[in-house]
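**Student:** Let me begin by handing over the structure; questions about it come next.
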Amino acid sequence: MRSFRERNPVVVGAIGLTLVAATLVGASQLDRLAAVGSRAYQAAFSDASGLVAGNEVRVAGVRVGKVTAVELARDSQPHVRVRFRVDDDGVRLGDRTAAMIRIKTVMGQKYLSLEPAGAGHLPEGGQIPLDRTAAPFDVVHAVTGLADTLDKVDTDQLAAAFTTLSETFADTPDTVNASLVGLSRLSRTVADRDAELRTLLTRARSVTAVLATRDEEFRKLVTDGEALLAEVRRRRDAIHKLLVSTNELATQLSGLVSDNRARLSPALRQLREVIAVLQRNRDDLELTIQRMAPFVTTFANVVGNGRWFDSYVQGLVQPYQPTTGGR
């Protein structure tokens, strides 16, 4: 079998590019492959309420599919048509199934919630009518709309109008007059607090905008928190056993100390006395160690050649001196 170096590089390159292209095409078609075997439906809403394609479809809080399209239906009664698919074969949608757009996160992300009902069967491609759909109230849009509306209100003119109205009805019965006077005071209070109210609503709108831009981060934080709690829940038994074992160990150690207190107390007292003696003679011990160093070095050299001592005695034998002369 020939190696790659011996093969035609053009053929090898063409095969490699073909495999890469096939991988990229397959990755781009994963969503369509997931849709194989799923069932497609649609629902009519009077308001899309921020629902977009790609949002989840849930039944009882469990993800069973996704929204595929959100479009305006130009029928006799204009409405929003939401197309979605259900990937779970175990989900059965009856002929009285209801659909609602719910808020998934505090940042306003939505999902389509289904409530299966009815004895019949919703045919594939069937539509849930307007009378069985509902959309949530969007607080973010409400605050933004209120801020925009108040920006256009002339509070001074409104206060003047209420004042004129109260003066006009000055001769009316006391109940009507008191109501109008109260409205006039209310309008004056609103006019006096106009700058503060505008500032408050402007900052509220800024806060909602910042939260909207941080939606992914908040969602990831919530997801990570859920994963952490799930892991702690899974490890609950192990943590419980660890705490119980620790408690038992502490109990046993307490019993051991109690049983051996009569023996341990003298030993500890003597140990403290020994430590005190060593501390009082610390300088002498250090001096002893310093002076023993040369002796230990010499002694190691003496016995370093085996099971005997190397020694040298000077002057034990007189050196030989040859005689000179005629003899």
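**Student:** A60 to D89: FRET efficiency via 1/(1 + (r/R0)^6), r the Cβ-Cβ distance, R0 25 Å, to the nearest 0.05? Display every interim value, and only then the final one.
**Tutor:** On the way: r = 16 Å, r/R0 = 0.64.
Efficiency, from the Cβ-Cβ distance: 0.95.
**Student:** Find how much the distance from V274 to I239 grows on full extension, using 0.36 nm per residue of separation minus their present alpha carbon separation; answer in nm with one decimal. Present the calculation step by step, with values, prior to reporting the outcome.
**Tutor:** On the way: separation 35, 0.36 × 35 = 12.60 nm, distance 4.35 nm.
My answer for the length gained is 8.2 nm.
**Student:** What ranking of Y41, Y111 emerges when the number of other C-beta atoms within 10 Å of each C-beta is taken as an exposure proxy, fewest first?
**Tutor:** Details: Y41 23, Y111 19.
Listed from fewest to most nearby Cβ atoms, that is Y111, Y41.
**Student:** Can I ask one more? Quote the FRET efficiency, to the nearest 0.05, computed for R198 versus L72 with a Förster distance R0 of 30 Å and r equal to the Cβ-Cβ distance. Walk me through the intermediate numbers first.
**Tutor:** Working: r = 35 Å, r/R0 = 1.16.
Taking R0 as 30 Å, the efficiency between R198 and L72 is 0.30.
**Student:** For A98, which sequence-distant residues (separation of 5 or more, or a different chain) have an amide H within less than 5 Å of its own amide H, given hydrogens modelled in the peptide plane?
**Tutor:** Residues meeting the amide H criterion: E115, A117.
**Student:** Once label points are set 7 Å from the Cα along Cα→Cβ at both A53 and R291, what is their separation, rounded to one decimal in nm?
**Tutor:** 9.7 nm
**Student:** Per-residue HN-Hα couplings for the range 243-257, Karplus 6.51 cos²θ - 1.76 cosθ + 1.60 at θ = phi - 60°, whole Hz, x for Gly and Pro?
**Tutor:** Karplus values, whole Hz, x for Gly and Pro: 5, 5, 5, 4, 5, 5, 4, 4, 5, 5, 5, 5, x, 4, 5.
Throughout, read-outs are computed from the coordinates displayed, never taken from laboratory work. Keep in mind that what you see is a predicted model, and the values were worked out from it rather than measured. Every residue, glycine among them, receives a Cβ derived from its backbone with ideal geometry; neighbour counts consider all protein chains shown.
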